[in-house]
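Take a look at the structure set out below.
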Amino acid sequence: MSLMTVSAPMIFKDIRCMIFKDIRCIIIICFLQNKIYKKWLYIFYIMFDIVIPLGPNDNAFITSQIEKTRQNVVGYRNIYIVASNPNFKCEQCIVIDENIFPFVKDVAIIHGKNSRNGWYLQQLIKLYAGSIIPGILGRYLVIDADTFFLNPTTFENEDGKCLYNFGSEYHLPYFFHMHRLNKSFKRIYRLSGICHHMIFEQSVLEEMFSMVSKEKPFWMVFLEEVDVSERNSGSGASEYELYFNYVAKFHNDKIVIRGLQWANVRTLDFKKYSHLNYISYHHYMR
């Protein structure tokens with residue numbers, strides 16, 4: 001991108017980011033030897049970005065979702081909206097056209113044309129956001145577009161470890177698919193990673209990808225290994241179960257499992273559910 005194509009707000013934003021980084025470096029130098037400030041240093045220094053994949057089913061509610069995300073997610077830097085609509089705009093976010101992802105058309109090539117293609121595409125977008133979106137941090141929080149955080153919520157502890165919530169879902173095809181990717185991939189806890197958001201680390205994702213295939217792109221194997229009977233009307237894979245169980249098995253010392261208060265709801269009533277950390281308002285429940 002040439003200097004002539006960069007807008008003035010973008011230049012000022014870059015300058016603010018550089019100043020902010022310099023201030024953080026000074027604080028690190030001053031406080032590194034002081035144990036009293038260690039936990040505050042982690043909170044201040046370690047940041048993450050937010051990724052929200054946006055499909056056509058959630059366009060009507062995305063403004064409220066972004067507002068709640070900005071109000072209640074603690075410690076983020078940028079919000080990236082990966083939009084299926086190339087005309088989508090958002091002043092408070094960085095909008096990414098989903099067509100920059102290399103597999104957008106390949107889902108239909110591998111699975112054929114069917115109603116579940118968008119669902120599998122969004123899973124891959126979540127797993128590949130860290131390697132495809134320009135300038136994104138190596139740690140990023142994915143929030144489903146139909147999920148609304150209603151109270152301040154953190155995703156890292158004072159030691160810099162990622163915090164993981166959980167659900168109660170148990171769907172066997174997800175674990176069969178996981179096992180086909182690599183025979184060492186299996187369910188670790190009697191908990192589900194499906195809770196409509198997840199924090200990812202790019203270095204861990206790259207490690208996981210390499211354990212699946214060194215000859216084909218991970219996304220291709222991920223799609224090919226979905227059982228044929230689950231491609232059109234079923235649910236044959238879960239990115240959240242895959243990553244949740246992977247980090248639980250191979251990086252257990254670097255994560256913390258914690259329970260948040262949340263619910264899947266049939267009405268989008270923020271006051272009614274104001275006692276919860278978040279709610280999810282799924283298209284199939286409206």
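Test ASN182 against the criterion of being assigned by TED's automatic domain parsing to the domain that holds VAL247 and more than 19 Å from ILE257 (Cβ to Cβ), and give yes or no. Yes, satisfied. Give the residue that is farthest from ASN151 (Cα to Cα), with candidates limited to residues of the range 74-122 that are surrounded by fewer than 17 Cβ atoms within 10 Å (Cβ to Cβ) and among the basic types (Lys, Arg). Looking at residues that are surrounded by fewer than 17 Cβ atoms within 10 Å (Cβ to Cβ) and among the basic types (Lys, Arg), I get LYS113.
Within the range 157-166, the residues that satisfy the criterion of being within 18 Å of ARG190 (Cα to Cα) and surrounded by 17 or more Cβ atoms within 10 Å (Cβ to Cβ) are TYR164, ASN165, PHE166. Selection of first residues in the range 264-286 that are assigned to a loop (DSSP other than H, G, I, E, B) and of second residues that are at pLDDT below 95 and surrounded by 12 or more Cβ atoms within 10 Å (Cβ to Cβ), restricted to Cβ pairs under 6 Å at least 6 apart or on distinct chains, gives an empty result. Considering the range 104-167, the qualifying strands (runs of 3 or more DSSP E), each wholly inside and each with 2 or more residues that are in contact with a strand residue (DSSP E or B) (Cβ under 8 Å, 6 or more places away or on another chain) and among the aromatic types (Phe, Trp, Tyr), run over 147-149.
Residues checked against (1) more than 12 Å from the chain's Cα centre (by Cα); (2) among the small types (Gly, Ala, Ser); (3) within 30 Å of ARG266 (Cα to Cα):
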position	(1), (2), (3)
TYR76	yes, no, yes
ASN99	yes, no, no
SER115	yes, yes, yes
GLN122	no, no, yes
ILE125	no, no, yes
TYR140	no, no, yes
GLY160	yes, yes, no
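GLN92 - would you say it is assigned by TED's automatic domain parsing to the domain that holds LEU276 and assigned to a helix (DSSP H, G or I)? No, not satisfied. From the list ARG70, ARG77, the one residue that fits, being of a type in the set (Lys, Arg), under 23 Å from ASN157 (Cα atoms) and part of a strand (DSSP E or B), is ARG77. One residue alone among LEU205, LEU260 is out of contact with any strand residue (DSSP E or B) (no Cβ under 6 Å at 6 or more places or on another chain) and buried (at least 19 other Cβ atoms within 10 Å of the Cβ), and that residue is LEU205. Of the residues PHE200, PHE222, PHE175, the single one that is of a type in the set (Phe, Trp, Tyr), out of contact with any Lys or Arg (no Cβ under 9 Å at 6 or more places or on another chain) and either within 30 Å of TYR278 (Cα to Cα) or surrounded by 13 or more Cβ atoms within 10 Å (Cβ to Cβ) (or both) is PHE222. Answer yes or no: is there a residue in the range 126-144 that is modelled with pLDDT under 95, surrounded by fewer than 17 Cβ atoms within 10 Å (Cβ to Cβ) and in contact with a Ser or Thr (Cβ under 9 Å, 6 or more places away or on another chain). No: zero hits. Sub-7 Å Cβ pairs linking a first residue in the range 119-141 that is over 18 Å from ASP58 (Cα atoms) to a second residue that is of a type in the set (S, T, N, Q), at least 6 apart or interchain, are GLY130/GLN202; SER131/GLN202; GLY138/GLN202; GLY138/SER203, ordered by first then second residue.
The values are calculated or read from the model by the stated rules, or taken from the named source; none is laboratory data. What you see is a predicted model, and the numbers here were worked out from it, not measured in a lab. With ideal geometry, Cβ positions are generated from the backbone for all residues, glycine too; neighbour counts draw on all protein chains shown.
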